[in-house]
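The values are calculated or read from the model by the stated rules, or taken from the named source; none is laboratory data. Owing to the predicted nature of the structure, the values given are computational and were not obtained by experimental measurement. Using ideal geometry, Cβ is built from the backbone for each residue, glycine included, and neighbour counts are taken over all protein chains shown. In case anyone asks, the SASA skips ligands and DNA or RNA and just uses the protein heavy atoms, side chains included. Shrake-Rupley method; radii C 1.70, N 1.55, O 1.52, S 1.80 Å.
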Amino acid sequence: MPQQICIGGSLRKFAANGNSFTGSVPKSLKNCSSLTRVNLSGNRLSGNISDAFGVHPKLDFVDLSNNNFYGHISPNWAKCPSLTSLKISNNNLSGGIPPELGWAPMLQELVLFSNHLTGKIPKELGNLTSLFDLSIGDNELFGNIPTEIGALSRLENLELAANNLGGPIPKQVGELHKLLYLNLSKNEFTESIPSEFNQLQSLQDLDLGRNLLNGKIPAELATLQRLETLNLSHNNLSGTIPDFKNSLANVDISNNQLEGSIPNIP
């Protein structure tokens, strides 16, 4: 990939996704202030991206997914005032999620799944009130889900699966009224499923499988009329199975201590 592709300082859109390019991010992109869109996903690119990009006043969209990049996520992304999408999934990133990302005023998509990210989920992400996709699963994150996540009123997709997260699921998740997809599976969440989930009336897919949840399945889950897929398997849930009368098409409640009738699924 040509290292001096932005040497003239007028490059706006750079799309080279879905190829077999190797090497590093072109060096000239770091100071390319004209950039509005970069898509290098689905290649064989490598190298440290900790400082491969700078502060880009017009940059709107970045997708570096499905490569072999390593290094840390730069806090400079938060200094790009027009940035709406930051996608760096399926790489070898390490370190934590910078709290500074909570000050990226326009961010709508933060997709960082399948890396080696560590640390806690920054509470500052609760400032991203335009965010509709937060996908940070399949990493090595630990600690609780910050209660500030309830402020993400536009969130449609929350994917935190396959980390080392624990503690109770905060009731504030129930305040995400536009949520369509919620995946908290393969973590170490404890205590009961919050009854506040009855507020998630747009929810279509709920996966809480492979945790340490206990108590009863809240009857409130049976009121989620749009719910199609429900996975509560491999927990310590007990008591009677609620009478689900919603649009469920797929249910997995295996490996618990439940009793009663199996949901009648058409």
(request) Go over the candidates I217, I241 one by one and state the one that is over 17 Å from the mean Cα position of the chain (by Cα), at pLDDT 95 or above and of a type in the set (V, I, T). (result) I217
(request) Among what's in segment 154-194 and is touching a Pro at 6+ places or on another chain (Cβ under 9 Å), open to solvent by 50 Å² or more (accessible area, probe 1.4 Å) and not in a loop (DSSP other than H, G, I, E, B), pick the residue that is nearest to S233 (Cα to Cα). (result) P168
(message) Could you tell me how many of the residues in segment 61-102 are under 18 Å from the mean Cα position of the chain (by Cα), under 22 Å from E140 (Cα atoms), among the small types (G, A, S) and open to solvent by less than 20 Å² (accessible area, probe 1.4 Å)?
(response) 5
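To keep it simple, each residue is scored yes or no on (1) outside any loop (DSSP other than H, G, I, E, B); (2) free of Cβ contacts under 8 Å to residues at least 12 places away in the same chain; (3) in contact with a helix residue (DSSP H, G or I) (Cβ under 9 Å, 6 or more places away or on another chain).
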{"residue": "P2", "(1), (2), (3)": "no, no, yes"}
{"residue": "I7", "(1), (2), (3)": "no, no, yes"}
{"residue": "S10", "(1), (2), (3)": "no, no, no"}
{"residue": "F14", "(1), (2), (3)": "yes, no, yes"}
{"residue": "G18", "(1), (2), (3)": "no, no, no"}
{"residue": "S34", "(1), (2), (3)": "no, no, no"}
{"residue": "G42", "(1), (2), (3)": "no, no, no"}
{"residue": "G47", "(1), (2), (3)": "yes, no, no"}
{"residue": "G54", "(1), (2), (3)": "no, no, yes"}
(request) Give K30, K58 a once-over and let me know the one that is outside any loop (DSSP other than H, G, I, E, B) and basic (K, R). (result) K30
(message) Would you confirm, using the coordinates I've provided, whether P194 is touching a residue at least 24 places away in the same chain (Cβ under 8 Å) and out of contact with any Asp or Glu (no Cβ under 7 Å at 6 or more places or on another chain)?
(response) yes
